[in-house]
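**Q** Starting off with a structure, shown below.
The values are calculated or read from the model by the stated rules, or taken from the named source; none is laboratory data. Since this is a predicted model, take the numbers as computed values, not measurements. Backbone-built Cβ (ideal geometry, glycine too); neighbour counts: all protein chains shown.
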Amino acid sequence: MNPGDKIQPFYLAHLQGAKLEGTMLKASCPFCANPENLKPGLLVVYLDPESYFYGYFRCSNRCKPGGFAPYFGRLLGLDPQAVPGFDPDRSGYVRDIVFPPKNINADIKKFRVLMAEPQINFFNEFGISKPVLEELKIGYNGRYLVFPYFLEDGNCYAARCILPEREEDYFWHGDDRFAAAEFQIYNVEEVDRCEDGALFITDGEKNLAILKELGYPGIAVPNIDTLEALDPERFAYINHIFLILNHSPEAQLAARTLATRLGFKVRILKWPPNVKRDFHLSMLAKEKGKELRPIFTQMMKNAKAFSPFPAPDREHQNFMNGLERAKGRELLGFSTGLAKMDEALDGIRGINIMGGQPKAGKSCFFMQVSTAMAGKKIPVIYYDFENGREKIYTRTLCRLSRLSEREMRAGSPDRAASERLESADSDFKKLLHYFRVVTDRKVSPEIMKRQIDFL
C-alpha cells in the first residue's frame, strides 16, 4: 500500500472523536495543555490527496507548530514503525557542531515581554496576528524587533534585530559564531516538522510570518545571498519545496540556482504580471489585505515543478530562430581566413580539436587562425601554457610584417621592410583589442568562464 493511503486511517486512529468534513479531518487538539480547564483548540488535518499539503495538521490555538505525520507521531510518542512512510534506514540531518552551554533564551523571553501594542499594530498592518508572533517568538528590545534563530537543539544563540520600517538597519545579538551564514535559517525546526511533506522557503522573517498567518509551514533566510549556504541534505526528506522570493531578477536567479541544487521537488512561485519590481510578500499583504489569500493561492496553483531544461515550446522557438538567422549566410560559423578550412568546417563553431606530431606546427597554425579572426574584430582568447605571451606576440608580428625575428631585432635598412614593419605594428596594436592571450597554468574552469563572459 502507498504510504499516502495510510495517512487518513493513521490520523483517525489517534484522534479521538475526529470527524471528516469534506477533505478536512477535525478533532479536539490532543496537545493543548489547559491547566485552567479551558476548551482545547480545534486540530485540523488536511486530507485532500491532490494537495501538496496532504496530511498536514495544525491547531487553531497554535499550541504546537503544525507539521506532517512523522512529527505528529513524535508528539504523541508513538512507535516510529506505526507512522506511515516509516523507513528504518532513514537517518536525520546531522552536522558537526558542539553547541555551547550558554545561550540567549532568557534574553528572548525578556524581549517577548516587551512586545507592546505599537509593535503588534505594526505587524497587524501586514495581516500578521499576535498568535503568529507568539509562535515565532518574536520580541522587541526597546527599539528593534528581535527575531530569534533557534537551532536544532531547541536553544537560541543568536537573534537578528531589525529596525521597523527600515529593514536594512539591523544587527545580530548573541554569539557571533551563530550569526554565520550556515546558521541563518529562521524557524529551522520547521524542516523536521515537515518530513514527508511540503515546506516554503522565503527571504525575510516578516514574509515567513505572513506565510504562517496563511497557514503554511516554512523557513526564512535573511536575504537571497544566504540561500547559497543552504545544505541540500537538510531537505532530503521534504517531498515538495515552494520558493517565494522578492520580485527581482536577482531573486529569481537565486531561486533557480537553489532549485538546481535541490532538484525536481522545487516549485518557484511567480509574481503576477502587474506587480512592481522589488515587491515582496509583506508589501503584497499590506496592499491587498484580505485579498492576499486568493492571490497567493493562485500563485501556488501556477507554480510548476522546476526543470533545469528549457520548456519544449521555447526550445523549438529558439531552434527555428537559429535556422532563420542562418538563412543567406555563406558560413554558419566564424571565418578563419583560410578558404579551404572554412569550406571544410563551414566556419569555426562548436568544439574543434586538431591533433598532430610534436613540432608539426599546431600552435603556429592556431596562432594564425586566432589572429586572423581577431583581425576581423571577433573576440578571441588564446590559452597557451607552453610558448609564453612574448613568443606568441613576436610570431604574430613576424607573420604580419613578413619579416624574420632576427630581421626585426637587427633593424632592416630596406625601406620597404621598414614600412611593412610599421604597418604590421599598427595592425598588431589594433589586434590586441580582440586577441587576448592567457598563459597562467593555474587558470581554473571558473576563471575561464569569467574571462569568456567578459568578452
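**Q** Determine whether Arg277 is out of contact with any His (no Cβ under 9 Å at 6 or more places or on another chain), assigned by TED's automatic domain parsing to the domain that holds Phe200 and either touching a residue at least 24 places away in the same chain (Cβ under 8 Å) or part of a helix (DSSP H, G or I) (or both).
**A** no
**Q** Moving on to the next point. Of the conditions (1) on the phi < 0 side of the Ramachandran plot; (2) in the same structural domain as Tyr393 (by TED's automatic domain parsing), Leu331 satisfies every one except a single condition; which number is it?
**A** The number of the failed condition is (2).
**Q** Test Val44 against the stated conditions and say whether it is modelled with pLDDT of 90 or more, out of contact with any Phe, Trp or Tyr (no Cβ under 7 Å at 6 or more places or on another chain) and among the aliphatic types (A, V, I, L, M).
**A** no
**Q** Out of all the residues in region 285-296, which are surrounded by 11 or more Cβ atoms within 10 Å (Cβ to Cβ) and either without any contact (Cβ under 8 Å) to a residue 12 or more places away in the chain or in a loop (DSSP other than H, G, I, E, B) (or both)?
**A** Glu287, Lys288, Glu291
**Q** Only residues that are touching a Lys or Arg at 6+ places or on another chain (Cβ under 9 Å) and surrounded by fewer than 17 Cβ atoms within 10 Å (Cβ to Cβ): list them for region 388-405, please.
**A** Arg402, Glu405
**Q** Now a separate question. What residue, of Pro70, Pro65, Pro84, is surrounded by fewer than 19 Cβ atoms within 10 Å (Cβ to Cβ) and not in a strand (DSSP E or B)?
**A** When all the criteria are applied, what remains is Pro65.
**Q** Given region 336-412, what helices (runs of 4 or more DSSP H) lie entirely inside it while holding 2 or more residues that are closer than 19 Å to Val438 by Cβ?
**A** Fully inside region 336-412 and qualifying: 362-375, 389-401.
**Q** Hey, another quick one. When the residues of region 83-112 are narrowed to those that are β-branched (Val, Ile, Thr) and out of contact with any Phe, Trp or Tyr (no Cβ under 8 Å at 6 or more places or on another chain), which ends up nearest to Gly139 (Cα to Cα)?
**A** Only one residue fits best here, namely Ile108.
**Q** Okay, moving on. With within 18 Å of Asn239 (Cα to Cα), touching a helix residue (DSSP H, G or I) at 6+ places or on another chain (Cβ under 8 Å) and either loosely packed, with under 15 Cβ neighbours inside 10 Å or not assigned by TED's automatic domain parsing to the domain that holds Val132 (or both) as the only criterion, which of Pro30, Pro49 stands out?
**A** Pro49 is the lone residue from the list that is within 18 Å of Asn239 (Cα to Cα), touching a helix residue (DSSP H, G or I) at 6+ places or on another chain (Cβ under 8 Å) and either loosely packed, with under 15 Cβ neighbours inside 10 Å or not assigned by TED's automatic domain parsing to the domain that holds Val132 (or both).
**Q** Restricting attention to region 224-236, and to residues there that are among the hydrophobic types (A, V, I, L, M, F, W, C) and within 25 Å of Gly55 (Cα to Cα), which single residue is surrounded by the most Cβ atoms within 10 Å (Cβ to Cβ)?
**A** This residue is Phe235.
**Q** Being at pLDDT 95 or above, buried (at least 22 other Cβ atoms within 10 Å of the Cβ) and either in contact with a helix residue (DSSP H, G or I) (Cβ under 8 Å, 6 or more places away or on another chain) or not in a helix (DSSP H, G or I) (or both): is that true of Leu243 here?
**A** yes
**Q** Here's a follow-up. Every residue in region 197-223 that is surrounded by 22 or more Cβ atoms within 10 Å (Cβ to Cβ), among the charged types (D, E, K, R) and not in a strand (DSSP E or B), please.
**A** Passing the criteria: Glu205, Lys206, Lys212.
**Q** Also: Here is a list: Ile210, Ile241. Which entry is farther than 25 Å from Gly139 by Cα and in contact with a Leu (Cβ under 6 Å, 6 or more places away or on another chain)?
**A** On inspection, the qualifying residue turns out to be Ile241.
**Q** Another question about this same structure. Select, from Phe319, Phe296, Phe235, the only residue that is at pLDDT below 90 and not assigned by TED's automatic domain parsing to the domain that holds Tyr54.
**A** Exactly one residue qualifies, and that residue is Phe319.
**Q** OK, next. Would you please name the residue that is farthest from Pro164 (Cα to Cα), looking only at residues in region 101-136 that are surrounded by fewer than 16 Cβ atoms within 10 Å (Cβ to Cβ) and charged (D, E, K, R)?
**A** Result: Lys102.
**Q** Checking the condition out of contact with any Asp or Glu (no Cβ under 8 Å at 6 or more places or on another chain), surrounded by 13 or more Cβ atoms within 10 Å (Cβ to Cβ) and of a type in the set (Ser, Thr, Tyr), which residue from Ser307, Ser248, Ser282 passes?
**A** Ser282
**Q** Please state which one of Ile97, Ile108, Ile128, Ile162 is β-branched (Val, Ile, Thr) and part of a helix (DSSP H, G or I).
**A** Ile108
**Q** Pick from Ala339, Ala372: which is surrounded by 11 or more Cβ atoms within 10 Å (Cβ to Cβ) and either touching a Gly at 6+ places or on another chain (Cβ under 7 Å) or among the hydrophobic types (A, V, I, L, M, F, W, C) (or both)?
**A** Answer to the selection: Ala372.
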